[in-house]
Amino acid sequence: QVQLVESGGGLVQPGGSLRLSCAASRFAFSRYVMNWYRQSPGKEREWVASVTIGSDGHYADYVKGRFTISRDNGKNTVHLQMNSLKPEDTAVYYCNTRVLEVNYWGQGTQVTVSS
């Protein structure tokens, strides 16, 4: 069973930074695209960023230039570096991958941007 465990969320002031991590296990991590999604209260879950098996990052327009996704295949970990955070970035952030046509999600980590 694929396992994804997020960490690194918290409370940060507008303009601040946070680094999220997702520890992955029980699948061949280096062979799969890894994704970050987020969900705010009352809103649908939305895609944030993806990192390919070749470590190329792709971003939603609303985080492009502020967030950076990366992966460490030696540690089976994917990171999301979030800079210049805005109140509208407040959400639960989820790590995701799709293995053999099945979507897997972590439990999520809360990010709150507020003064």
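The values are calculated or read from the model by the stated rules, or taken from the named source; none is laboratory data. In this text, all values refer to a predicted model and were calculated from it rather than measured experimentally. Methodologically, a virtual Cβ is constructed for each residue, glycine included, from the backbone with ideal geometry; neighbour enumeration extends over all protein chains shown. Only protein heavy atoms, including side chains, enter the accessible area calculation; ligands, DNA and RNA are left aside. Shrake-Rupley method; radii C 1.70, N 1.55, O 1.52, S 1.80 Å.
Take the conditions (1) over 13 Å from residue 2 (Cα atoms); (2) modelled with pLDDT under 95; residue 101 misses just one of them, which is (1). Among the residues of segment 87-115 satisfying the criterion of being of a type outside the set (S, T, N, Q) and touching an Asp or Glu at 6+ places or on another chain (Cβ under 8 Å), which is farthest from residue 35 (Cα to Cα)? The extreme case among them is 113. Scanning segment 61-102 for residues that are under 16 Å from residue 48 (Cα atoms), open to solvent by 50 Å² or more (accessible area, probe 1.4 Å) and either in a strand (DSSP E or B) or basic (Lys, Arg) (or both) yields 64, 68, 81, 86, 98. Taking segment 48-60 as the range and being open to solvent by 60 Å² or more (accessible area, probe 1.4 Å) and closer than 15 Å to residue 106 by Cβ as the test, no residue passes. Only one entry in 47, 36 is at pLDDT 95 or above, closer than 18 Å to residue 8 by Cα and in a strand (DSSP E or B), namely 36. Taking the numbered list (1) open to solvent by less than 70 Å² (accessible area, probe 1.4 Å); (2) on the phi > 0 side of the Ramachandran plot in turn, residue 26 passes all entries but (1). Evaluated against (1) touching a residue at least 40 places away in the same chain (Cβ under 8 Å); (2) under 20 Å from residue 1 (Cα atoms), residue 91 falls short on exactly one condition, (2).
Considered as a group, the residues in segment 1-23 that are closer than 20 Å to residue 66 by Cβ and part of a loop (DSSP other than H, G, I, E, B) include one that is most open to solvent (accessible area, probe 1.4 Å), and that residue is 13.
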